[in-house]
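Everything on this sheet refers to the single structure shown next.
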Amino acid sequence: MTDDREAIFSRVRGALAPLRERAPLPQYDADMAVLRKMIAGRDLAELLAERMKRVSAHAYTSAAAVADFLKAGGWTRGYCDPALWPQLAPHFGAGFTVETDFDRKRVDDYAFGITRAAGAVAESGTIVLNDAATSRRLAALAPWVHIAVVERAAIFSDLTQAVAALGQDRNVIWVTGPSKTADVEGILIEGVHGPGVQIALIV
Amino acid sequence: MRFQPIDQYSAGLKADTRASVYQSTKSTHEKRTKLLFDQFAAPDRLRELAGEIKQHAIENLDTYLPQVEARLKANGAQVHWAGTAESACAAVLKIMRDRGATKMVKAKTMVSEEIELAHYLEKHGLEALETDLGEFIVQIDDDHPSHIVRPIIHKNRREIATSFEREGLGAYNDDPGTITRRARHFLRHKYLEADVGLTGANFVSAESGRIVLVTNEGNSRFCLAATKCHIALVGIEKIVPRDRDLSILLNLLGRSGTAQDLTVYTEFISGPKSPAQPDGPEEMHVIFVDNGRTEVLASDCREILRCIRCGACLNVCPVYRQASGHAYRSVYPGPVGAVLSPLLMKDKFPQKADLPKASSLCGACNEVCPVNIPIPDLLLRLRNRAKEENVPSPGTPPMGAWALMASQPTAWKAALAGGKLLNYVPTKLIPVPALQAWADKRALPAWRGGEFRKWMRQRAQ
């Protein structure tokens, strides 16, 4: 393995040595990939909701509305981050079975999972999750419905801002809509390995 | 030989395969163009910029590779280097054996196809299961992917339903929703049983050591939520200088590949899981793979190393649309494959030297490329190399007579005058196979030789 390292490095140096000059790192305004026209003058929570709809995700601003949505879909058994449940429980009421511990042996028992988001990106309708905010990676992924609780103040306008704010967390994942595939004859199917329904609860 | 190899394959393609490849590539290409031009004032400027960023990165790999290695180690990852396919496979095997691991779940990675990792591990008694729906179907059928982002673009739902039935995944049902649901149910338990999750990398930032992975299905995320050990197989050309460069490239990747603003999951991994996080890998290995890339770097085709594997050049290519991916006999099909595949053959270049000829040089691949690779120029350089190395060129008519005529003005003028005779020649009856193959589907326009010279003379007066 160390031999491979030395061999690769020496081949790289050998390949680059004959170049009279190397391509410079271009200087550019990071704003050039930002969809300014779309963002300008908009309330970010409203834009987020609109852009999430475009990728067939849902945004709600009240916990009671989320509970109604789950009930209507027949998704009454699920997981909730223990830190969030005390505030959410009053809106859910009877008829729901909610666990605050996720048992990976019963992965199919959870119809929904509620976890905290680290933020969101309005421009693309994206929810930002990271290890610090997510109580369980599996709970945000394996259930059919994922509800990410997003704080209004943590909504970035665009991807360029969100990249700049990646920070020190070892794992950051942007989620833009439900899990999907078009592998079979190009037909769009939602809910392949991850959630078939992706929701943001904006608080 | 009557045809070039790619034509031979194309001639045998089933009509419905050709139609579905044509339809889906065309529609993805059209959506891509509309999205980019609706959203950005100058999308071509973005493509050029992305190309400059990647060109800089590959021309400074001697700086960035040690830098990214140091960053990854500081982040708690273990870094390995593999000069060849065998060495990369052996590195994966060793990591698994050291852990006593027997089961791997794999996200889609083109490098793993290139080094034939799954077969290697199976040969050594380990399980390596593909989890991307398309790749899973490729694996159960013992087939090969035919598109970089749409591995089973060549299969229809009836074939897939038959395979699922054969594999015991349920009674025959060719509804794409049912097929997907069955795969979901089967694979999620496999993730949870697996010891190791293997992924590729779309980008690696030299600044932070962050590995960026994009998927739509969420399978790579499942690998990184369920298993305790993450192995990332990374081609050495995946480096980008800084995190901020990622936003330019990510903005282009989804739009170019599948006409999405962003792919559904974009994951930034800079080490094993955080200590407080219950799920995910406690151990992370990054294997940097050369396998011919340094030879490409040393060649006059190094621009191809900018490629971010979006598949846009396949979707727009008139040859790919007719021939489909297997015609390229390589892991990388389409225009990018016609450049990269012969180069990655190293000293066996002649075996794939025909691929750069399978192009009309129309330039569409360059126009859609998110990193602005001058693919037609590179194809010409490879044709030149084949000529210089005297690689035989089956199916290509000899050009000696043409060269003689075109270099002698009197011969040229005589040929122009004589060309009128062509109007009376039954093209289909000329006993030259290449010409007959051509004339089979087409007719020559009436000869109008010499008109341009006449027009030029009048204009000059």
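The values are calculated or read from the model by the stated rules, or taken from the named source; none is laboratory data. Bear in mind the structure is a predicted one, so any value in this text is a computation, not a measurement. Virtual Cβ from ideal backbone geometry, glycine too; neighbours counted across all protein chains shown. Ligands, DNA and RNA are excluded from the accessible area calculation, which covers all protein heavy atoms including side chains. Shrake-Rupley method; radii C 1.70, N 1.55, O 1.52, S 1.80 Å.
Quick rundown of the values:
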{"read-out": "Extreme residue, nearest to B:Asp279 (Cα to Cα), among residues of region A:119-133 that are assigned to a loop (DSSP other than H, G, I, E, B) and facing chain B (nearest Cβ under 7 Å)", "value": "A:Asp131"}
{"read-out": "Qualifying residue in region A:78-95 (condition: small (Gly, Ala, Ser) and touching a residue at least 40 places away in the same chain (Cβ under 8 Å))", "value": "yes"}
{"read-out": "Filter pass, B:Ala183 being in a loop (DSSP other than H, G, I, E, B) and either among the aliphatic types (A, V, I, L, M) or in contact with a strand residue (DSSP E or B) (Cβ under 9 Å, 6 or more places away or on another chain) (or both)", "value": "no"}
{"read-out": "Matching residues in region B:161-178 - criterion: being over 30 Å from B:Met96 (Cβ atoms) and either within 28 Å of the chain's Cα centre (by Cα) or among the acidic types (Asp, Glu) (or both)", "value": "B:Ala161, B:Thr162, B:Glu165, B:Asp174, B:Asp175, B:Pro176, B:Gly177"}
{"read-out": "Residue that is aliphatic (A, V, I, L, M), within 14 Å of another protein chain (Cβ to nearest Cβ) and surrounded by fewer than 18 Cβ atoms within 10 Å (Cβ to Cβ), where the choices are A:Ala83, A:Ala57, A:Ala89", "value": "A:Ala83"}
{"read-out": "Index of the failed condition, A:Ala111 passing every other in (1) surrounded by fewer than 20 Cβ atoms within 10 Å (Cβ to Cβ); (2) in contact with a Phe, Trp or Tyr (Cβ under 6 Å, 6 or more places away or on another chain); (3) under 16 Å from B:Phe222 (Cβ atoms)", "value": "(3)"}
{"read-out": "Strands (runs of 3 or more DSSP E) lying entirely in region B:188-248 (those with 3 or more residues that are more than 10 Å from chain A (Cβ to nearest Cβ))", "value": "B:196-199, B:229-235"}
{"read-out": "Scan of region B:134-170 for residues that are more than 21 Å from B:Ser330 (Cα to Cα) and part of a helix (DSSP H, G or I), ordered by number", "value": "B:Arg157, B:Arg158, B:Glu159, B:Ile160, B:Ala161, B:Thr162, B:Ser163, B:Phe164, B:Glu165, B:Arg166"}
{"read-out": "Leading residue by the ranking (nearest to A:Glu190 (Cα to Cα)) among those in region B:124-133 that are open to solvent by 10 Å² or more (accessible area, probe 1.4 Å) and part of a loop (DSSP other than H, G, I, E, B)", "value": "B:Asp132"}
{"read-out": "Hey, B:Tyr120 among the aromatic types (Phe, Trp, Tyr), more than 17 Å from A:Val192 (Cβ to Cβ), surrounded by fewer than 22 Cβ atoms within 10 Å (Cβ to Cβ) and within 23 Å of the chain's Cα centre (by Cα) or not", "value": "yes"}
{"read-out": "Filter result for B:Glu113 (open to solvent by 10 Å² or more (accessible area, probe 1.4 Å), assigned to a helix (DSSP H, G or I) and touching a residue at least 60 places away in the same chain (Cβ under 8 Å))", "value": "yes"}
{"read-out": "Residues within region B:23-55 that are facing chain A (nearest Cβ under 7 Å) and in contact with a helix residue (DSSP H, G or I) (Cβ under 9 Å, 6 or more places away or on another chain), tallied", "value": "6"}
{"read-out": "Residues of region A:16-27 that turn out to be facing another protein chain (nearest Cβ under 8 Å), within 17 Å of B:Ser247 (Cα to Cα) and out of contact with any Lys or Arg (no Cβ under 9 Å at 6 or more places or on another chain), as a count", "value": "1"}
{"read-out": "Pair list, Cβ under 7 Å, 6 or more apart: region B:162-178 residue farther than 14 Å from A:Glu185 by Cα, other residue polar (S, T, N, Q)", "value": "B:Tyr172/B:Thr162"}
{"read-out": "Which numbered condition A:Ala64 fails, given (1) more than 10 Å from chain B (Cβ to nearest Cβ); (2) in contact with a strand residue (DSSP E or B) (Cβ under 8 Å, 6 or more places away or on another chain)", "value": "(2)"}
{"read-out": "Residue check for A:Val197: in contact with a helix residue (DSSP H, G or I) (Cβ under 8 Å, 6 or more places away or on another chain) and either more than 7 Å from chain B (Cβ to nearest Cβ) or modelled with pLDDT of 95 or more (or both)", "value": "yes"}
{"read-out": "Index of the failed condition, A:Ala63 passing every other in (1) open to solvent by less than 30 Å² (accessible area, probe 1.4 Å); (2) on the phi > 0 side of the Ramachandran plot", "value": "(2)"}
{"read-out": "Strands (runs of 3 or more DSSP E) fully within region A:12-110 counting 1 or more residues that are within 21 Å of the chain's Cα centre (by Cα)", "value": "A:58-60, A:77-80"}
{"read-out": "Conditions (1) open to solvent by 60 Å² or more (accessible area, probe 1.4 Å); (2) not assigned by TED's automatic domain parsing to the domain that holds B:Gln351; (3) not β-branched (Val, Ile, Thr); number of the one not met by B:Asn75", "value": "(1)"}
{"read-out": "Among residues of region B:321-354, those that are within 25 Å of B:Glu367 (Cβ to Cβ) and of a type in the set (Asp, Glu), counted", "value": "1"}
{"read-out": "Unmet requirement for B:Ser256, which otherwise passes all of (1) more than 19 Å from A:Asp183 (Cβ to Cβ); (2) surrounded by 24 or more Cβ atoms within 10 Å (Cβ to Cβ)", "value": "(1)"}
{"read-out": "All positions within region B:30-54 that are in contact with a Leu (Cβ under 9 Å, 6 or more places away or on another chain) and under 17 Å from B:Cys307 (Cβ atoms)", "value": "B:Leu46, B:Arg47, B:Ala50, B:Glu52, B:Ile53, B:Lys54"}
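Table: residues versus (1) open to solvent by 10 Å² or more (accessible area, probe 1.4 Å); (2) touching a residue at least 60 places away in the same chain (Cβ under 8 Å).
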position	(1), (2)
B:Gly334	no, yes
B:Ala338	no, no
B:Leu355	no, yes
B:Ser359	yes, no
B:Cys365	yes, no
B:Asn372	yes, yes
B:Leu382	no, yes
